1. Among the residues of segment 41-66, which ones are over 18 Å from Lys13 (Cα atoms) and either free of Cβ contacts under 8 Å to residues at least 12 places away in the same chain or in contact with a strand residue (DSSP E or B) (Cβ under 9 Å, 6 or more places away or on another chain) (or both)?
2. Return the pair list, or none, for Cβ contacts closer than 9 Å from residues in segment 6-33 that are in contact (Cβ under 8 Å) with a residue 24 or more places away in the chain to residues that are part of a helix (DSSP H, G or I) and of a type in the set (S, T, N, Q), at least 6 apart or on different chains.
3. Can you say whether Pro40 is on the phi < 0 side of the Ramachandran plot and assigned to a loop (DSSP other than H, G, I, E, B), as far as the supplied structure shows?
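All of the numbers you see were taken from the coordinates with simple rules; none came from a lab. Quick caveat: nothing in here was measured; it's all calculated off a predicted structure. Cβ coordinates were reconstructed from backbone atoms using ideal geometry, including for glycine residues, and neighbour counts include every protein chain displayed.
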Amino acid sequence: MTDIDSLKAELKKLSAKAVKAKMDLHDLSEDLPVNWQQIPEVAARALDAFSTLEAKRAELKQRETA
């Protein structure tokens, strides 16, 4: 497996994690005002997941163009 293939596999996992974080945030918002105290924790997970995903996408793009 090449380095690019490994990155693509990692991106697939990170994308799934980001989608789950998005859905958790969405589900939480639908239940408001119940569990409003969880907003910072759930939002932080979503922010982390999407930040990591974006960074890996940029890394893949850089390696593919190099």
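1. Within segment 41-66, Glu41, Ala44, Gln62, Thr65, Ala66 meet the criteria.
2. These pairs meet every condition: Leu14/Thr52; Lys17/Thr52; Ala18/Thr52.
3. Judged against the criteria, Pro40 is not a match.
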